[in-house]
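The values are calculated or read from the model by the stated rules, or taken from the named source; none is laboratory data. Only a predicted model underlies this, so the values are computations on that prediction, with no experimental measurement involved. Quick reminder, even Gly has a Cβ in these numbers, built from the backbone with ideal geometry, and neighbours come from all protein chains shown.
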Amino acid sequence: MKGDRLLWIVLGVLAVGLILLLASGDSGTVFGFEDEAFARTLYLGVLGAVIAAGIVGSGIRLSHAVRTGAIWLLIILLLMGGYQYRYELQDIASRVTAGLVPGSPLSVSDADGRAAVMLDRLSNGHFEVRAQIDGTPVMTMVDTGATSTVLTYDDASRAGYEPDTLSFTIPIMTANGEARAARVVADEIRIGDIVRNRVPVMVAERGRLDRSLLGMNFIGTLSGFDMRGERLILRD
């Protein structure tokens, strides 16, 4: 009964509000409020009353309804906050990942808004980065002395190049001495937020290269790179 009475009251308020809006004519105001503001207030008030009527009619205790509403309000605020600070949260996640997974690139934006990637020196003394080559994660060593980016036989196989079908005719120098390599083209090489497409890549013979190298044919496309202590910064 209480719910029915409240519903009639709501309908009455709504009817009076609509009559006042129609009666305002060309004045554009109702009780000093602009028509649009008055209509919005009326709508929100009616909506709140309907929700209250539903709670009363359902028999749910008011304390329980308030607690549930507060929980949902908190969830909505958290979602809104997460969206507003999504870039800052991505930066935090990248920093945590870089600390937990060696070689993970930390992407940031420089003062000009361009992408930059920070790499920490590993315990072996080298700068290594987990690159994405055609979507496949490949651990590569940053080597400014290497003219080309070179993949090991196994890394090339994981990236889908089928090295068994390649012709190893190009002489290259590695830490293990002279070797031969085959030429392929990577559709995409991604280092954090830095992406290059259609990059020529060498594939070393099986067992002739200990680790894949990120060479100057990728590094040379950057606007610059610099070393700050134990950190290397690549700038798009």
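In this structure, does residue 232 turn out to be within 19 Å of residue 116 (Cβ to Cβ) and surrounded by fewer than 23 Cβ atoms within 10 Å (Cβ to Cβ)?
Values: within 19 Å of residue 116 (Cβ to Cβ): yes; surrounded by fewer than 23 Cβ atoms within 10 Å (Cβ to Cβ): yes.
When the stated conditions are applied, residue 232 passes them.
How many residues are surrounded by 13 or more Cβ atoms within 10 Å (Cβ to Cβ) and farther than 16 Å from residue 137 by Cα when one looks only at region 204-222?
First, pick out the residues of region 204-222 that are surrounded by 13 or more Cβ atoms within 10 Å (Cβ to Cβ): 204-206, 208-209, 211-219, 222.
Add one more test, that the residue is farther than 16 Å from residue 137 by Cα, and what stays is 204-206, 208-209, 215-219, 222.
Matching residues across region 204-222 total 11.
Hey, among the residues in region 171-190 that are modelled with pLDDT under 90 and not small (Gly, Ala, Ser), which one's surrounded by the most Cβ atoms within 10 Å (Cβ to Cβ)?
Per the stated criteria, the residue is 172.
Considering only residues of region 158-170 that are of a type outside the set (D, E, K, R) and loosely packed, with under 14 Cβ neighbours inside 10 Å, which is nearest to residue 118 (Cα to Cα)?
Just the residues of region 158-170 that are of a type outside the set (D, E, K, R), to begin with: 159-161, 163, 165-170.
Applying the additional criterion that residues be loosely packed, with under 14 Cβ neighbours inside 10 Å yields 160, 165, 167, 169.
Working: 160: 28, 165: 36, 167: 36, 169: 35 Å.
Here the residue is 160.
Among the residues of region 204-212, is there at least one that is in a strand (DSSP E or B), over 16 Å from residue 132 (Cα atoms) and either of a type in the set (Asp, Glu) or modelled with pLDDT of 85 or more (or both)?
Applying the first criterion (in a strand (DSSP E or B)) to region 204-212 yields 204, 212.
Next, only the ones that are over 16 Å from residue 132 (Cα atoms) stay: 204.
Among the residues that remain, those that are also either of a type in the set (Asp, Glu) or modelled with pLDDT of 85 or more (or both) are: 204.
Among the residues of region 204-212, at least one is in a strand (DSSP E or B), over 16 Å from residue 132 (Cα atoms) and either of a type in the set (Asp, Glu) or modelled with pLDDT of 85 or more (or both), which makes the answer yes.
Quick grid of which residues meet (1) touching a Pro at 6+ places or on another chain (Cβ under 9 Å); (2) assigned to a loop (DSSP other than H, G, I, E, B); (3) farther than 22 Å from residue 106 by Cα:
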| site | (1), (2), (3) |
| --- | --- |
| 141 | no, no, no |
| 154 | yes, no, yes |
| 167 | no, yes, yes |
| 179 | yes, no, yes |
| 188 | no, no, no |
| 200 | no, no, yes |
| 232 | no, no, no |
